[in-house]
1. Per DSSP helix of 4 or more residues, -39500 (n - 2.57); summed, then divided by the residues of the chain. What does that give at 222 nm, rounded to the nearest 500?
2. State the antiparallel share, in %, of DSSP beta bridges confined to the range 17-160, rounding to the nearest 5.
3. Using the Kirkwood radius over Cα pairs, work out the Stokes-Einstein diffusion coefficient for the range 6-62 at 25 °C and 0.890 mPa s, in µm²/s as a whole number.
4. Restricting to the chain, what percent of DSSP beta bridges are antiparallel, rounded to 5?
5. If one computes P(r) from the Cα atoms of the range 125-190, what percent of pairs lie at distances over 17 Å?
6. Along each principal axis of its Cα atoms, how long is the chain end to end? Whole angstroms, biggest number first, please.
7. In what sequence, highest mean first, do 197-204, 45-52, 186-193 appear when ranked by Cβ atoms within 10 angstrom?
8. Going by C-beta contacts inside 10 Å, put 123, 18 in order with the fewest on the left.
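Rule-based calculations on the coordinates, nothing more; no lab input. Small disclaimer: the values here were computed from a predicted structure and weren't measured. Here the Cβ is made from the backbone with ideal geometry for all residues, glycine too, and neighbour counts use every protein chain on show.
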Ligand SMILES: NC(=O)c1ccc[n+]([C@@H]2O[C@H](COP(=O)([O-])OP(=O)(O)OC[C@H]3O[C@@H](n4cnc5c(N)ncnc54)[C@H](OP(=O)(O)O)[C@@H]3O)[C@@H](O)[C@H]2O)c1
């Protein structure tokens, strides 16, 4: 199988790429830093085999133009794509905006994978049965999408903005699954567990606090953190299943009000996202 893993230059994504390559799959690694990308290719080959089929693609998800360029490059390099794992993500301590003028966490965690997935849909349909796996988070707990403040202009708080972006991953997955019904392309999402990766470690203090939080709350090693991504990407157990949220390789309950994940909210977010990324309205 050909699998694209975004944000595979470190953390859960790199581990996911290693395991997939070890299983004999062709792995397309995405990251925003070429040096880290080359190191990741070497690390995946070292973990799998010296001649493992691994290639690197660079794009900063804080730029929609670069996301479009990534989709073009991937589409040009493979005849079809069996699995897309939308794993890249960030959590920013303070508010910033992208070159497109959007709040960075929402743009990187939601708008970028939304656009990338839509641009690669034909490649996925061409490989059907194909799978889309979105790495969400338990941080969606208790959150709701605030359509009046999607860019977190008012009173920015890192965990609220991050949690909302992860709720957006879940809503995207559920709406996508509905829209893909009958296409033989499935879409599922997951919480990987709590892992001391590079996320949120923008300075030494943040690194210390994050490691402490992970230890106190029973964090898991990155090897375990990649398990559900690999499961959803490859296991025959989930063949044909779509629209689910998984924790520890099991279907799990969402941890927010039913209204926050309703079909109507999912469709509304889809339409707004289309507008924000400049895709034509798909009705
Ligand atoms: N760690 C956890 O406890 C946890 C829990 C729940 C969910 N998650 C989710 O798991 C996923 C992977 O996170 P992780 O924990 O493995 O964190 P990580 O170690 O920081 O890895 C994140 C990956 O995304 C890339 N990335 C970040 N910003 C980007 C941008 N603007 N453009 C392109 N790539 C970008 C990073 O590249 P750089 O190396 O260049 O920054 C890295 O490759 C995320 O979606 C996260 O929300 C993590």
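1. Details: 9 runs with 116 residues, N = 283.
Calculated at 222 nm, the ellipticity per residue is -13000 deg cm²/dmol.
2. Numbers: 1 of 10 bridges.
Roughly 10 percent of the DSSP beta bridges within the range 17-160 come out antiparallel.
3. Values: Rh = 10.7 Å.
Using the Kirkwood radius from Cα pairs, D works out to 230 µm²/s.
4. Values: 3 of 28 bridges.
Around 10 percent antiparallel, to the nearest 5.
5. Numbers: 1031 of 2145 pairs.
Everything past 17 Å amounts to 48 percent.
6. 50, 46, 37
7. Numbers: 197-204: 15.5, 45-52: 13.8, 186-193: 25.4.
In decreasing order of mean packing, 197-204, 45-52, 186-193 become 186-193, 197-204, 45-52.
8. On the way: 123 20, 18 26.
Going from least to most buried by this count: 123, 18.
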